[in-house]
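The values are calculated or read from the model by the stated rules, or taken from the named source; none is laboratory data. Bear in mind that the values here come from a model prediction, so they are computed numbers and not experimental data. Here Cβ is always computed from backbone atoms with ideal geometry, including for glycine, and neighbour counts include all displayed protein chains. SASA here: full protein model, heavy atoms, side chains in, ligands and nucleic acids out. Shrake-Rupley method; radii C 1.70, N 1.55, O 1.52, S 1.80 Å.
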Amino acid sequence: MTSTRVAIVGAGPIGLELAVALKQEGIDYLQFDQSSIGATIAWYPLQMQFHSNAERLAIAGVAIQTADQQKPTREEYLAYLRAVVMQHDLKIRGYERVDSIRPTEERRSSLSSTGFRVETSRETIHAANVVVAIGSMHRPRLLNIPGEELPHVSHYFREPHLYFGQKLVIIGGKNSAVEAAIRCQRAGADVTLAYRRSDFDPAHVKFWLLPEIRSMVRDNRARVMTSVAPVEIKSRSIVMQSSDDGSLTEIDADLVLMLTGYEQDTSLLEGAGVEFSGDARVPHYDEETMETNVPGLFLAGTAVQGSPVGRVRVIVENCHVHVPRIVNAIRAASRHAAARQ
């Protein structure tokens, strides 16, 4: 059985930053991802521009340089992550899914540092510590309405060209929905944006998008329906219900984008014994060490927030502090274990 001091599950920005820190400290680790590095970012829309600036998105002390000195795009950030991996010669076991994390029987009975049995899609690993850095966006948040599963309905916006010449209805009113509406209208789609609230919240929409979507509505280049929610999707239309008076309105729709948010897959953490709280199912952890209620099992990055139902407050730029907390906790645990021997 392969053994390691630390198993890192996930190779997003914070997972990579942690790998660099562990390597610099001389701490043995293995890193796994069920896809390639930055997998969540890879399914962001083509040419999407980040809300955060380059300095706040940078990891492991490596600066991000963009051609126009602006906020990086999806493509620029993915290239940057690849450069960090190559610069620090990180060894990542990509396309190797971690199926389960189980404390050993010795750990379960004595809370010792014996470790974990980590089952991957290729082999079984013994790890003294595990860091879960899997993010919080694993599956769409469904509305559970009739027709949501139809083939012309999508929960992911890839690129605007696909909607050229089509009557497109976008459900949602935050960053992703507003940006999709603007880009698709510019690409020649007939766009209707439907939002359950009475107006856009500036805290939830990139500041440079709001003037653009409002000007599109003013000039009749796009439509926005507010205070409505979809109740049924049909093959060529969608039925909306007003939250004001309950009335129903049916509008044409060749294609539907349901940009209503995403949820965390908690099955890996549940299987390891991590506890959760609240509607967002936030995993329990110590903010000073990032250690969960399972000794030796840590969280890093946006995995700490569960599935937020309101404003997303945990993003890459405020997760950098997780890395030194975890490294310090693992070093302290090692010193403590050595002192007991």
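Would you work out what percent of the accessible area of the chain, with all protein chains in place, is carbon or sulfur (probe 1.4 Å)? Display every interim value, and only then the final one.
On the way: 8060 of 16380 Å².
That fraction is 49 percent.
Within the stretch 271-307, which GluC sites (Glu not before Pro) sit in a loop by DSSP and count at most 11 neighbouring Cβ atoms inside 10 Å?
Numbers: sites: GLU275, GLU287, GLU288, GLU291; in loops: GLU275, GLU287, GLU288.
Answer by residue number: GLU287, GLU288.
With unit charges on the beta carbon (Lys/Arg positive, Asp/Glu negative), name the residue among ALA181, SER242, VAL205 whose Cα is farthest towards the positive pole of the charge dipole of the stretch 176-248.
Checking the options against the dipole of the stretch 176-248, the answer is ALA181.
Beyond 18 Å, what share of the Cα-Cα pairs of the stretch 123-202 is found? Please give it as a whole percent. List each step's numbers first, then the result.
On the way: 1755 of 3160 pairs.
Here the long-distance tail beyond 18 Å is 56 percent of all Cα pairs in the stretch 123-202.
List the trypsin sites (Lys or Arg not before Pro) within the stretch 285-330 that DSSP assigns to loop and that have no more than 10 neighbouring Cβ atoms inside 10 Å.
ARG311, ARG313
How far apart, in nanometres, would the label points at THR66 and ARG331 be if each is projected 7 angstrom from Cα along the Cα-to-Cβ direction?
Here the modelled spin labels are 3.4 nm apart.
For the chain, give the magnitude of the charge dipole about the Cα centre (Cβ charges: +1 Lys/Arg, -1 Asp/Glu; no others), in debye to the nearest 20.
Details: 37 positive and 40 negative charges, 85 e Å.
Here the chain has a charge dipole of around 400 debye.
Just going by the charge dipole of the stretch 144-233, with Lys and Arg at +1 and Asp and Glu at -1 on Cβ, which of ILE171, HIS155, MET216 is farthest out on the positive end?
Projecting each Cα onto the dipole axis, the largest value belongs to MET216.
Assign one of three labels to the stretch 12-53, namely rounded, prolate or oblate, based on the Cα gyration tensor with a ≥ b ≥ c the square roots of its eigenvalues; rounded applies when a/c is under 1.5, prolate when it is not and a/b is larger than b/c, and oblate otherwise. Walk me through the numbers on the way to the answer.
Working: a/c = 5.48, a/b = 1.91, b/c = 2.87.
Since a/c reaches 1.5 but b/c is at least a/b, the shape of the stretch 12-53 is classed as oblate.
Compute the signed sum of charges (Lys and Arg +1, Asp and Glu -1) over the other residues within less than 13 Å, Cβ to Cβ, of VAL20.
Details: positive: LYS23, LYS91; negative: GLU17, GLU25, ASP89.
So the environment of VAL20 carries a net charge of -1.
Which of the three applies to the stretch 11-82, rounded, prolate or oblate, going by the alpha-carbon gyration tensor with a ≥ b ≥ c and a/c under 1.5 meaning rounded? Don't jump to the answer; show the numbers that get you there.
Numbers: a/c = 3.07, a/b = 1.52, b/c = 2.02.
The shape class here is oblate.
Measure off 7 Å from each Cα along the Cα-to-Cβ vector at ARG186 and GLN87, then give the distance between these two points in nanometres to one decimal.
2.9 nm
Once the Cβ-Cβ distance between THR289 and LEU162 is put in as r, and R0 is 51 Å, what FRET efficiency do you end up with, to the nearest 0.05? Let's see the in-between values first.
Values: r = 45 Å, r/R0 = 0.89.
Taking R0 as 51 Å, the efficiency between THR289 and LEU162 is 0.65.
At most 14 other Cβ atoms within 10 Å and a DSSP loop assignment: could you name the chymotrypsin sites (Phe, Trp or Tyr not before Pro) in the stretch 125-182 that fit? Intermediate results must be reported in sequence, preceding the final value.
On the way: sites: TYR156, PHE157, TYR163, PHE164; in loops: TYR156, PHE157, PHE164.
Hits after loop and neighbour filter: TYR156, PHE164.
In Å², and per residue, what accessible area does the stretch 1-157 have when probed at 1.4 Å with the other protein chains present?
Numbers: 7480 Å² over 157 residues.
With all protein chains present, the stretch 1-157 gives 48 Å² per residue.
Between the stretch 271-297 and the stretch 148-189, what's the alpha-carbon centroid distance in Å?
The stretch 271-297 and the stretch 148-189 have Cα centres separated by 36 Å.
Where nothing but the Cβ of Lys and Arg (+1) and of Asp and Glu (-1) is charged, how large is the charge dipole of the stretch 205-262 around its Cα centre, in debye to the nearest 20?
Values: 7 positive and 8 negative charges, 56 e Å.
Roughly 260 debye for the stretch 205-262.
Does the stretch 46-197 come out rounded, prolate or oblate, given a ≥ b ≥ c as the square roots of the eigenvalues of its C-alpha gyration tensor, rounded meaning a/c under 1.5 and, failing that, prolate meaning a/b above b/c? Before the final figure, lay out each step's value.
Working: a/c = 2.81, a/b = 1.55, b/c = 1.81.
It is oblate, given that a/c is not under 1.5 and a/b is not larger than b/c.
So in the chain, what percent of DSSP beta bridges are antiparallel if you round to the nearest 5?
On the way: 26 of 56 bridges.
Looking only at bridges with both residues in the chain, the antiparallel portion is about 45 percent.
Please report the accessible area of TRP208 (heavy atoms, 1.4 Å probe, ligands and nucleic acids excluded) in Å², nearest 10.
Surface open to solvent at TRP208 totals about 80 Å².
Apply the Karplus curve 6.51 cos²θ - 1.76 cosθ + 1.60, θ = phi - 60°, to the phi angles in the stretch 13-21 and return the couplings in whole Hz, x for Gly and Pro.
Once θ is set to phi - 60°, the couplings for the stretch 13-21 become x, 6, x, 5, 4, 5, 4, 4, 5 Hz.
Report the residues of the stretch 66-108 in range of a label on ARG117: point 7 Å along Cα→C-beta, backbone N strictly under 18 Å from it.
Answer for this model: 98-108.
In debye to the nearest 20, how big a dipole does the stretch 67-204 give about its Cα centre with +1 on each Lys and Arg Cβ and -1 on each Asp and Glu Cβ?
Working: 20 positive and 17 negative charges, 30 e Å.
Magnitude of the dipole: close to 140 debye.
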